[in-house]
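This report refers to the structure that appears directly beneath it.
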2 protein chains.
Amino acid sequence: MKFPLTLGVSARHVHLCEADLLKLFGEKAELHIKKTIAQPGQYAAEEQITLTTEKGSMKLRVIGPLRKDTQIEMSMTDARTVGLKPPVRISGDIENSPGARLVGPAGEVELEKGIIIAARHIHLCAETAEKYGLREGDTVDIRTEGERALTFREVPVRSGKAHADEYHIDTDEGNACGLDTGAVVEVIINK
Amino acid sequence: MKFPLTLGVSARHVHLCEADLLKLFGEKAELHIKKTIAQPGQYAAEEQITLTTEKGSMKLRVIGPLRKDTQIEMSMTDARTVGLKPPVRISGDIENSPGARLVGPAGEVELEKGIIIAARHIHLCAETAEKYGLREGDTVDIRTEGERALTFREVPVRSGKAHADEYHIDTDEGNACGLDTGAVVEVIINK
């Protein structure tokens, strides 16, 4: 069985916890919505910070709303430019991941852990998941077409009320299949 | 039918024609071997140049020996950092590709065309190609394992006396499958 799904390519970004927001942007800081994104309630914020290591630095867009833990998602290409080797992880799984110094307009944070390379995954709303008999934790294959046609195998499903149908990959993966946000890919259910 | 093949991940690099070598490195310049690479007779040279555009600049390692035309191979990630949009092409196919300013220790070259994103391909020596009934121009699928398991579909075969068995991809593709030079992938013959 198969069905179409829209691609979302994520550039590097940071999710902040409240304590780190206040350290980086000041005592009464709040995030300001620049642009909503596909997942319900989430948005790219006006706010940006700088990550620095001994090897280099890079700007990171803040994605709101605030979370329990600060987490940075970057591509392997990004990681190499700042000399980091983050693990490939599903969002939220930050144990034993590297940290770095974060610099904002009002202060700095020495992040102990939280830098990951986001594992590719599909988001499905409850209705779509039910329609195709898929549940959180299932895996599917994702087939792309074009001059860099790929099949991403064993891609985990994330599903629930707060999810909108979308296939999430990072910029390295987007470049490898030659596609960008808004392209349509095919979900192949193997079970 | 399937068989194992060694992966080679290519970082951005430049092949120079003789005229451009002399302009960039001086009248009596020659390339000096830093390290041989898997394809017979080819090597990473000691020499490096800088590519510059209005948006940025980057260093490029010269790969020898000299060729008929200067050609630069970079990833889509690289291309974005210098504001270029090169086409995905098999090496040698540089018509209607962008150029840039090249800067060497002895001079500069205004390259009119020659910047491409290298299309993934497999090299097979004549013996391996014959053993599996594959010819220049055939396509195969390449299957990788690991936490970012992928199948690259419709990958063209290059074969002949000057080829050594290897699957060539760029750094974006290497990151997307989470593998580096020396990893072993599987060639799947569909015909």
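The values are calculated or read from the model by the stated rules, or taken from the named source; none is laboratory data. No experiment lies behind these values; they were computed from the predicted model shown. Here the Cβ is made from the backbone with ideal geometry for all residues, glycine too, and neighbour counts use every protein chain on show. Side chains are part of the model used for accessible areas, which takes the heavy atoms of the whole protein and leaves out ligands, DNA and RNA. Shrake-Rupley method; radii C 1.70, N 1.55, O 1.52, S 1.80 Å.
The single condition from (1) under 29 Å from A:R12 (Cβ atoms); (2) within 14 Å of chain A (Cβ to nearest Cβ); (3) open to solvent by 20 Å² or more (accessible area, probe 1.4 Å) that B:T139 fails is (1).
Restricted to segment B:96-111, and to residues there that are in contact (Cβ under 8 Å) with a residue 24 or more places away in the chain and not hydrophobic (A, V, I, L, M, F, W, C), the residue that is surrounded by the fewest Cβ atoms within 10 Å (Cβ to Cβ) is B:P105.
One residue alone among A:I122, A:I115 is open to solvent by less than 10 Å² (accessible area, probe 1.4 Å) and under 18 Å from A:A176 (Cβ atoms), and that residue is A:I122. Within segment A:167-178, not a single residue is touching a residue at least 40 places away in the same chain (Cβ under 8 Å) and open to solvent by 60 Å² or more (accessible area, probe 1.4 Å). Has segment A:9-31 got at least one residue that is open to solvent by less than 20 Å² (accessible area, probe 1.4 Å) and of a type in the set (V, I, T)? There is at least one residue in segment A:9-31 that is open to solvent by less than 20 Å² (accessible area, probe 1.4 Å) and of a type in the set (V, I, T). Scanning segment B:144-161 for residues that are within 8 Å of chain A (Cβ to nearest Cβ), surrounded by fewer than 19 Cβ atoms within 10 Å (Cβ to Cβ) and within 13 Å of B:L179 (Cα to Cα) returns B:E147, B:A149.
The C-beta contact set for segment A:112-133 (first residue among the charged types (D, E, K, R), second residue assigned to a loop (DSSP other than H, G, I, E, B), distance under 6 angstrom, 6+ apart or interchain) comprises A:E112/A:G99; A:K113/A:I94; A:K113/A:S97; A:K113/A:G99. Among the criteria (1) under 25 Å from B:F152 (Cβ atoms); (2) more than 18 Å from the chain's Cα centre (by Cα), the one A:E130 does not fulfil is (1). Within segment A:64-83, restricting attention to residues that are hydrophobic (A, V, I, L, M, F, W, C) and open to solvent by 10 Å² or more (accessible area, probe 1.4 Å), the residue that is nearest to A:N96 (Cα to Cα) is A:M76. Those strands (runs of 3 or more DSSP E) of segment B:5-92 in which 2 or more residues are over 12 Å from the mean Cα position of the chain (by Cα) occupy B:33-36, B:43-52, B:57-64. The conditions are (1) under 30 Å from B:I49 (Cα atoms); (2) of a type outside the set (S, T, Y); (3) open to solvent by less than 10 Å² (accessible area, probe 1.4 Å); (4) not in a strand (DSSP E or B), and B:A164 fails exactly one of them. Which is it? Unmet condition: (3). For B:R89, indicate whether it is open to solvent by 20 Å² or more (accessible area, probe 1.4 Å) and within 13 Å of chain A (Cβ to nearest Cβ). Against the criterion (open to solvent by 20 Å² or more (accessible area, probe 1.4 Å) and within 13 Å of chain A (Cβ to nearest Cβ)), B:R89 qualifies. When A:L84 is tested against (1) within 14 Å of chain B (Cβ to nearest Cβ); (2) closer than 27 Å to A:V140 by Cβ, only condition (2) is not met.
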